[in-house]
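Below you'll find the structure I mean.
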Amino acid sequence: DYKFVVVGDATMSPYEIVQPGGSIEHWNEEPGSAWIQRLLTSYRHHVWLNPEPQERWEFTPSIRITRELFEERMLPLTLEGLDRAMRLLQ
């Protein structure tokens, strides 16, 4: 019954998502994508709300990777995006 909502621009280094130890803060034996997959497996209802203008998303590799991981459930942080997100989470 829980919903998983992330709000953020997803503009990180792609290495933080795809490489073990890719985090700039500390060494992690697994890539960020492994942790994202665990969360998405635990929370069937999930969305990512992105405040970056949607027309910029294709130019940022980490946004493209995150969109794929989130099964294209990344939406703009706009009134229309919030409306669509709420429908996806039902």
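Look through 42, 33 and report the one residue that is over 14 Å from the mean Cα position of the chain (by Cα) and among the small types (Gly, Ala, Ser).
The conditions single out 42.
I'm checking my understanding of the structure. Among residues of region 1-22 that are free of Cβ contacts under 8 Å to residues at least 24 places away in the same chain and open to solvent by less than 40 Å² (accessible area, probe 1.4 Å), which one is farthest from the chain's Cα centre (by Cα)?
Out of the qualifying residues, it is 21.
Out of the residues in region 56-83 that are of a type in the set (Phe, Trp, Tyr) and open to solvent by less than 30 Å² (accessible area, probe 1.4 Å), which is nearest to residue 17 (Cα to Cα)?
70
Let me ask something additional. One residue is enough: does region 43-55 have a residue meeting the conditions open to solvent by 60 Å² or more (accessible area, probe 1.4 Å), in a helix (DSSP H, G or I) and either free of Cβ contacts under 8 Å to residues at least 24 places away in the same chain or not small (Gly, Ala, Ser) (or both)?
Checking region 43-55: at least one residue is open to solvent by 60 Å² or more (accessible area, probe 1.4 Å), in a helix (DSSP H, G or I) and either free of Cβ contacts under 8 Å to residues at least 24 places away in the same chain or not small (Gly, Ala, Ser) (or both).
What residue, among those in region 45-90 that are under 13 Å from the mean Cα position of the chain (by Cα) and of a type in the set (Lys, Arg), is farthest from residue 11 (Cα to Cα)?
Here the residue is 73.
The values are calculated or read from the model by the stated rules, or taken from the named source; none is laboratory data. A quick note: this is a predicted structure, and the numbers were derived from the prediction, not measured. Counting neighbours? That spans all protein chains shown, and the Cβs are built from the backbone with ideal geometry, glycine included. Accessible surface is based on the protein model in full, side chains and every heavy atom, while ligands, DNA and RNA are left aside. Shrake-Rupley method; radii C 1.70, N 1.55, O 1.52, S 1.80 Å.
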